[in-house]
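Working notes, beginning with the structure itself.
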Amino acid sequence: MIAKIVYALCGLTSILCAGLLYRHYCSTRAKLLFWSTCCFVGLALANILLFVDLIILPNINLSVLRSAVTLAALVMLLYGLIRERT
């Protein structure tokens with residue numbers, strides 16, 4: 001029971017962070033905020049996939065998909081950090 005709540009709260013927190021980052025990006029147009037928003041959208045998707053994988057569809061293994069989405073999200077943030085450095 002507690003695990004379901006924690007997984008759901010992790011997903012909601014990531015969605016909230018992505019929304020706040022996007023709102024601030026719209027007002028300032030800072031490129032790093034854009035890449036951070038993209039990263040948190042990907043992390044929110046990974047958290048939603050975690051919830052689906054472990055709670056809704058426990059017989060189906062989505063760990064590879066979750067890992068790929070998380071990797072893509074972190075690569076977007078890394079790309080944004082490198083791009084802003086130059």
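Are there any pairs with C-beta distances below 6 angstrom linking a residue in segment 28-44 that is within 17 Å of Leu65 (Cβ to Cβ) to a residue that is aliphatic (A, V, I, L, M), with the two at least 6 apart or on different chains, and if so which?
Close Cβ pairs (under 6 Å, with a partner that is aliphatic (A, V, I, L, M)) amount to Val41/Ala18; Gly42/Val69; Gly42/Ala72; Gly42/Ala73; Leu43/Ala73; Ala44/Ile15; Ala44/Ala18.
One residue is enough: does segment 60-80 have a residue meeting the conditions in a loop (DSSP other than H, G, I, E, B), exposed (fewer than 15 other Cβ atoms within 10 Å of the Cβ) and of a type in the set (Gly, Ala, Ser)?
Among the residues of segment 60-80, not one is in a loop (DSSP other than H, G, I, E, B), exposed (fewer than 15 other Cβ atoms within 10 Å of the Cβ) and of a type in the set (Gly, Ala, Ser), which makes the answer no.
I need the full set of residues from segment 22-59 which are exposed (fewer than 12 other Cβ atoms within 10 Å of the Cβ) and among the polar types (S, T, N, Q), in order please.
Within segment 22-59, Ser27, Thr28, Asn59 meet the criteria.
Residues checked against (1) touching a Lys or Arg at 6+ places or on another chain (Cβ under 9 Å); (2) polar (S, T, N, Q); (3) at pLDDT 95 or above:
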residue	(1), (2), (3)
Met1	no, no, no
Ile5	no, no, no
Leu20	no, no, yes
Lys31	yes, no, no
Ala46	yes, no, yes
Pro58	no, no, no
Ala72	no, no, yes
Glu84	yes, no, no
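Which ones in segment 45-86 are farther than 23 Å from Ala8 by Cβ and in contact (Cβ under 8 Å) with a residue 40 or more places away in the chain?
Answer for segment 45-86, where residues must be farther than 23 Å from Ala8 by Cβ and in contact (Cβ under 8 Å) with a residue 40 or more places away in the chain: Met76, Leu77, Tyr79, Gly80, Leu81, Arg83, Glu84.
With the requirement that a residue be small (Gly, Ala, Ser) and either surrounded by 12 or more Cβ atoms within 10 Å (Cβ to Cβ) or within 19 Å of Met76 (Cα to Cα) (or both), what does segment 1-11 give you?
Ala8, Gly11 - these are the residues of segment 1-11 that are small (Gly, Ala, Ser) and either surrounded by 12 or more Cβ atoms within 10 Å (Cβ to Cβ) or within 19 Å of Met76 (Cα to Cα) (or both).
Any idea how many residues of segment 12-21 are closer than 24 Å to Ala68 by Cβ and surrounded by fewer than 17 Cβ atoms within 10 Å (Cβ to Cβ)?
Residues meeting the conditions: 4.
The values are calculated or read from the model by the stated rules, or taken from the named source; none is laboratory data. Given the structure is predicted, the values throughout are model-derived calculations rather than measurements. For neighbour counting, all protein chains shown are included, and Cβ atoms are generated from backbone atoms with ideal geometry for every residue, glycine included.
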